[in-house]
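The values are calculated or read from the model by the stated rules, or taken from the named source; none is laboratory data. Quick caveat: nothing in here was measured; it's all calculated off a predicted structure. Note that each Cβ is placed from the backbone with ideal geometry, even for glycine, and that neighbours are counted across all protein chains shown.
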Amino acid sequence: MRGKIRRIKFILPLILSHLLICCSSSQEARVIFAVGGTPAELKGWEQLVNGFQWRSGIPIEILLLPADTDQQRQSLIISLEAGVKNPDVFLMDVGWLALFSHSGWLEPLKGIDTAPFFSKVIELSDTYQGNLVALPMYMDGGLLYYRKDLLNASGISGPPKTWENLLSTSLLIQPGMRRERPDFYGFVWQGAEYEGLICDFLEFAGSNGGFILKDGLIRVNTPENRHAVQFMHDLIWKYKISPPTTYTEMKEEQVRRYFQRGDALYERNWPYAWNLHEDEESEVRNRTGIAPIPAPRGAESVSTLGGWHIGVSRFSDAKPEALEFVKYVTSYMGQKKMVLLLGWNPGRQDLYLDREVIEKMPHFSKLKEIFQNAGPRPMVPYYAQVSKIVQTKINGVLAGRYSSDQALKEADEEIAALLKRYRIE
């Protein structure tokens, strides 16, 4: 009950702000842009907004959303379900796009050249029923961090390209490192019961596995997926190159800190960890490399797509002006400003070759290849419920409560029951 009261206290001011904006007597076509984030990110958006207003003469008002991603999502859903005309423009996590598109809340973005953006992302995430409904503002994807110094000292020429190679090099290096660092492990990754586990699972399964859409419905009980989940279990309990705490507490920050204090050979994480690893107080500064996620033998590397996309509300009463704002912030100079200000990974491919960008962030030259292989989670409106089922079952395998066969069989059964409940058959 106390949680509900807190949520109501937050939502009421938001609704009131929508009403004040809607009831404004101004005759000017004004664009309301809803955005949340850190103080630094909000300052970056303020600079972009000021630049757009100065060039276009179109007034923009920023509607601040909470920093918490789930609260941002809920705030937008409240407005869009009610058909409120504001906000006109907003950011969306890539995981929300299917729901927002399927619900008919996004206005098609017409007259935009998508060639500079990652084509796979545009096709699989930002296009719905043949219409472009969003554009990537910030890219994210899973990648492999590795200790260059430790590989070189062992005569290993480069990072592993397959999971089997990651295992063999971990087993080679880990014993020697344990003499000085008893808590040293070959590989740290996200295994706790949350969305990050799904992202890792998709990468372990690679291009031959992951979520399988059959006749538009999700299936997870496949030989490739069973093999991937069993391998995840074995990294912890059979080969012992991942910590026993992997399935209980390993999320992004726990994994990042473990690697950064020098206690791991390999780390699966997102690009944000790079700048932290290169901090002056980091134990792995100037010793870290990045590479694509390894692939299963005979398959291709897959990086789970993350990031933020920008779109226009179907209920907006300032659609032409809102579209101009979207064009501005996703332009070469608009996204470059956010790169230089915040270190954001842009949605435009051409910025990964920009001399000024590469000079400031040399690791960007490798990120482009990784993002070209990035794939989204299933773009279905009921994905959140499916994810919860699958992450619970996979985490159960890591904990030893299920076999991989049992877990994925039960996952498929529960997914089928879920879809039947929603009359999706």
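Does segment 182-191 include one or more residues that are over 21 Å from the mean Cα position of the chain (by Cα), charged (D, E, K, R) and part of a loop (DSSP other than H, G, I, E, B)?
Taking every residue of segment 182-191 in turn, at least one turns out to be over 21 Å from the mean Cα position of the chain (by Cα), charged (D, E, K, R) and part of a loop (DSSP other than H, G, I, E, B).
Which residues, counting only those in segment 75-93, are assigned to a helix (DSSP H, G or I) and either more than 23 Å from the chain's Cα centre (by Cα) or of a type in the set (A, V, I, L, M, F, W, C) (or both)? Please lay out each step first, then the result.
Of the residues in segment 75-93, the ones assigned to a helix (DSSP H, G or I) are 75-81.
Scanning segment 75-93 gives Leu76, Ile77, Ile78, Ser79, Leu80, Glu81.
How many residues does segment 170-181 hold that are of a type outside the set (A, V, I, L, M) and either surrounded by 16 or more Cβ atoms within 10 Å (Cβ to Cβ) or not in a helix (DSSP H, G or I) (or both)?
Within segment 170-181, the subset of a type outside the set (A, V, I, L, M) is 170, 174-176, 178-181.
If we keep only those that are either surrounded by 16 or more Cβ atoms within 10 Å (Cβ to Cβ) or not in a helix (DSSP H, G or I) (or both) too, we end up with 170, 174, 179-181.
Going through segment 170-181 one residue at a time, the tally reaches 5.
Is at least one residue of segment 94-112 touching a His at 6+ places or on another chain (Cβ under 8 Å), outside the structural domain of Ser387 (by TED's automatic domain parsing) and not in a helix (DSSP H, G or I)?
To start, the set of residues in segment 94-112 that are touching a His at 6+ places or on another chain (Cβ under 8 Å) comprises 94, 97.
Then drop every residue that is not outside the structural domain of Ser387 (by TED's automatic domain parsing), which leaves 94, 97.
Those still in the list that are not in a helix (DSSP H, G or I) too: none.
Scanning segment 94-112 turns up no residue that is touching a His at 6+ places or on another chain (Cβ under 8 Å), outside the structural domain of Ser387 (by TED's automatic domain parsing) and not in a helix (DSSP H, G or I).
List every residue pair whose Cβ atoms lie under 7 Å apart, where the two residues are 6 or more positions apart in sequence or sit on different chains, the first residue falls within segment 335-360 and is at positive phi, and the second residue, located anywhere, is not small (Gly, Ala, Ser) and not in a helix (DSSP H, G or I).
What qualifies is Gly343/Met361.
Scan the helices (runs of 4 or more DSSP H) fully inside segment 212-315 and keep the ones with 3 or more residues being farther than 24 Å from Gln372 by Cα and outside the structural domain of Lys120 (by TED's automatic domain parsing).
Details: elements: 223-237, 246-249, 252-260, 273-277.
It comes to 223-237, 246-249, 252-260.
So, in segment 207-236, how many residues would count as being hydrophobic (A, V, I, L, M, F, W, C), over 17 Å from Leu166 (Cβ atoms) and within 21 Å of the chain's Cα centre (by Cα)?
So in segment 207-236, the residues hydrophobic (A, V, I, L, M, F, W, C) come out as 211-213, 217-218, 220, 228-229, 231-232, 235-236.
Now restrict to residues that are over 17 Å from Leu166 (Cβ atoms): 211-213, 217-218, 220.
This time we only want the ones that are within 21 Å of the chain's Cα centre (by Cα), so: 211-213, 218, 220.
Residues that pass the stated criteria total 5.
Report yes if Ser17 is at pLDDT below 90 and part of a loop (DSSP other than H, G, I, E, B), otherwise no.
Working: at pLDDT below 90: yes; part of a loop (DSSP other than H, G, I, E, B): no.
Taking the combined requirement at face value, the residue does not satisfy it.
When the residues of segment 322-336 are narrowed to those that are surrounded by fewer than 23 Cβ atoms within 10 Å (Cβ to Cβ) and over 23 Å from the mean Cα position of the chain (by Cα), which ends up nearest to Ile358 (Cα to Cα)?
Only one residue tops the list, namely Met333.
Name the residue, out of Pro376, Pro381, that is in contact (Cβ under 8 Å) with a residue 12 or more places away in the chain and touching a His at 6+ places or on another chain (Cβ under 7 Å). Write out each step before concluding.
Working: Pro376 fails: touching a His at 6+ places or on another chain (Cβ under 7 Å).
Residue meeting the stated conditions: Pro381.
This table checks each residue for (1) at pLDDT below 95; (2) farther than 29 Å from Gly343 by Cβ; (3) surrounded by fewer than 16 Cβ atoms within 10 Å (Cβ to Cβ).
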{"position": "Ile11", "(1), (2), (3)": "yes, yes, yes"}
{"position": "Ser25", "(1), (2), (3)": "yes, yes, yes"}
{"position": "Ala82", "(1), (2), (3)": "no, yes, yes"}
{"position": "Leu91", "(1), (2), (3)": "no, no, no"}
{"position": "Phe100", "(1), (2), (3)": "no, no, no"}
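With respect to the numbered conditions (1) in a helix (DSSP H, G or I); (2) touching a helix residue (DSSP H, G or I) at 6+ places or on another chain (Cβ under 8 Å), which one is the sole condition not fulfilled by Glu369?
All conditions are met except number (2).
Return yes when Gly400 is touching a residue at least 12 places away in the same chain (Cβ under 8 Å), assigned by TED's automatic domain parsing to the domain that holds Leu135, at positive phi and not hydrophobic (A, V, I, L, M, F, W, C) and no when it is not. So that I can check it myself, show each step before the final result.
Numbers: touching a residue at least 12 places away in the same chain (Cβ under 8 Å): yes; assigned by TED's automatic domain parsing to the domain that holds Leu135: no; at positive phi: yes; not hydrophobic (A, V, I, L, M, F, W, C): yes.
No.
Restricting attention to segment 27-47, which residues are farther than 19 Å from Lys319 by Cα, modelled with pLDDT of 90 or more and assigned to a loop (DSSP other than H, G, I, E, B)?
Within segment 27-47, just Gly36 meets the criteria.
Pick out the one residue from Gln406, Gln391, Gln385 that is of a type in the set (S, T, N, Q), in a helix (DSSP H, G or I) and more than 22 Å from Gln230 (Cα to Cα). Full working, then the answer.
Working: Gln406 fails: more than 22 Å from Gln230 (Cα to Cα); Gln391 fails: more than 22 Å from Gln230 (Cα to Cα).
Matching residue, one of Gln406, Gln391, Gln385: Gln385.
Does Leu276 satisfy being surrounded by fewer than 23 Cβ atoms within 10 Å (Cβ to Cβ) and of a type in the set (A, V, I, L, M)?
Numbers: surrounded by fewer than 23 Cβ atoms within 10 Å (Cβ to Cβ): yes; of a type in the set (A, V, I, L, M): yes.
Yes; evaluated as a whole, the condition is true for this residue.
Tally time: how many residues in segment 287-297 are more than 12 Å from His363 (Cα to Cα) and either surrounded by fewer than 21 Cβ atoms within 10 Å (Cβ to Cβ) or without any contact (Cβ under 8 Å) to a residue 40 or more places away in the chain (or both)? Steps first, answer last, please.
Filtering segment 287-297 for residues more than 12 Å from His363 (Cα to Cα) gives 287, 292-297.
Still in the running and either surrounded by fewer than 21 Cβ atoms within 10 Å (Cβ to Cβ) or without any contact (Cβ under 8 Å) to a residue 40 or more places away in the chain (or both): 287, 297.
Summing the residues that are more than 12 Å from His363 (Cα to Cα) and either surrounded by fewer than 21 Cβ atoms within 10 Å (Cβ to Cβ) or without any contact (Cβ under 8 Å) to a residue 40 or more places away in the chain (or both) in segment 287-297 gives 2.
Could you tell me which of the residues Ser365, Ser331 is at pLDDT below 95 and polar (S, T, N, Q)? Talk me through it step by step, then tell me what you get.
Details: Ser331 fails: at pLDDT below 95.
After ruling out the rest, the residue left standing is Ser365.
Please determine, by comparing only the residues of segment 375-392 that are farther than 20 Å from Val302 by Cβ and buried (at least 18 other Cβ atoms within 10 Å of the Cβ), which one is farthest from the chain's Cα centre (by Cα).
From segment 375-392, those farther than 20 Å from Val302 by Cβ are 381-382, 384-385, 388-389, 392; that's our starting set.
Filter again for buried (at least 18 other Cβ atoms within 10 Å of the Cβ), leaving 382, 389.
Details: Tyr382: 18, Ile389: 19 Å.
Top of the filtered list is Ile389.
Which pairs do you get when a residue that is free of Cβ contacts under 8 Å to residues at least 60 places away in the same chain, found in segment 170-196, comes within reach of a residue that is of a type in the set (D, E, K, R) and surrounded by fewer than 22 Cβ atoms within 10 Å (Cβ to Cβ), reach meaning Cβ atoms under 7 angstrom, with the pair 6+ apart or on two chains?
Short answer, once both residue conditions are applied: Gly196/Lys251; Gly196/Glu252.
In contact with a helix residue (DSSP H, G or I) (Cβ under 7 Å, 6 or more places away or on another chain), farther than 20 Å from His277 by Cβ and of a type in the set (A, V, I, L, M): which single residue out of Leu171, Leu197, Leu150 fits that description? Quick ask: steps written out before the conclusion?
Values: Leu171 fails: in contact with a helix residue (DSSP H, G or I) (Cβ under 7 Å, 6 or more places away or on another chain); Leu150 fails: farther than 20 Å from His277 by Cβ.
The unique qualifying residue is Leu197.
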